[in-house]
Amino acid sequence: MIDPDNQTPQEALETIRNTRRTVHRRMDKWPLWYDLGYGGATGLMVGGQALPAMYGLACTAIGLAVIVVIVRKWTDRTGFWVNGYSPRNARWVAFGLAGALIALMIGAVATRGNGPAWAPLAFGLVAGALAILGSRIWTRVYIAETTRLP
């Protein structure tokens, strides 16, 4: 183990680069349960808003609980968790995804009580697919952006 207090600047920079490469390798592959869990939880939270308020609240609580489990399992598996809002370009992918999901959620709420019976399923499927796609795009942007860092 290298003592950080006795490192030269070049050694410290190389340690950072090695750590970044390790993170990239671990982020480059993820299991099916991650996509299904994240997409399913997101779809449940968005689509549930088209249901009566009591059910929408339950869908949100269950969806959040699933995401907490995903974060814990992923952290246990890889040793880290990266939030979606850093670095800069990856942040904009996260903001774009959040904006699209909020728009879907508002649309779902607007159908509550006066929309077609299939509205919760439709909003949920679109949101779940969008969440998976957005997650994959974010990961690619994150890896590309952090690879270019010194």
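Selection over segment 107-117 of residues that are open to solvent by 40 Å² or more (accessible area, probe 1.4 Å), part of a helix (DSSP H, G or I) and in contact with a helix residue (DSSP H, G or I) (Cβ under 8 Å, 6 or more places away or on another chain) gives a count of 1.
Go through segment 118-144 residue by residue and tally those that are surrounded by fewer than 16 Cβ atoms within 10 Å (Cβ to Cβ) and either in contact with a Lys or Arg (Cβ under 7 Å, 6 or more places away or on another chain) or hydrophobic (A, V, I, L, M, F, W, C) (or both).
Let us first name the residues in segment 118-144 that are surrounded by fewer than 16 Cβ atoms within 10 Å (Cβ to Cβ), namely 118, 121, 125, 129, 133, 136-137, 140, 144.
Still in the list and also either in contact with a Lys or Arg (Cβ under 7 Å, 6 or more places away or on another chain) or hydrophobic (A, V, I, L, M, F, W, C) (or both): 118, 121, 125, 129, 133, 137, 144.
Counting residues in segment 118-144 that are surrounded by fewer than 16 Cβ atoms within 10 Å (Cβ to Cβ) and either in contact with a Lys or Arg (Cβ under 7 Å, 6 or more places away or on another chain) or hydrophobic (A, V, I, L, M, F, W, C) (or both) gives 7.
Screening Leu104 with (1) surrounded by 13 or more Cβ atoms within 10 Å (Cβ to Cβ); (2) in contact with a Ser or Thr (Cβ under 9 Å, 6 or more places away or on another chain) gives one miss only, at (2).
Contact annotation: residue pairs with Cβ atoms under 8 Å, 6 or more positions apart or on different chains, pairing a residue in segment 9-20 that is aliphatic (A, V, I, L, M) with a partner that is outside any helix (DSSP H, G or I), are Leu13/Pro150.
Between Val93, Val141, the distinction of being in contact with a Phe, Trp or Tyr (Cβ under 6 Å, 6 or more places away or on another chain) and either in a loop (DSSP other than H, G, I, E, B) or closer than 30 Å to Leu13 by Cα (or both) belongs to Val93 only.
Of the residues making up segment 89-106, those that are touching a helix residue (DSSP H, G or I) at 6+ places or on another chain (Cβ under 7 Å) and more than 17 Å from Cys59 (Cα to Cα) are Asn89, Ala90, Val93, Ala94, Leu97, Ala100.
Step by step: first the residues of segment 32-86, then only those that are without any contact (Cβ under 8 Å) to a residue 60 or more places away in the chain and charged (D, E, K, R), then the one that is surrounded by the fewest Cβ atoms within 10 Å (Cβ to Cβ). Which residue is that? Per the criteria, the residue is Asp76.
The values are calculated or read from the model by the stated rules, or taken from the named source; none is laboratory data. Keep in mind it's a predicted model, so treat the numbers as computed, not measured. Note that we place each Cβ from the backbone using ideal geometry, even for glycine, and neighbour counts take in every protein chain shown. Calculation scope for accessible area: heavy atoms of the full protein, side chains included, ligands and nucleic acids excluded. Shrake-Rupley method; radii C 1.70, N 1.55, O 1.52, S 1.80 Å.
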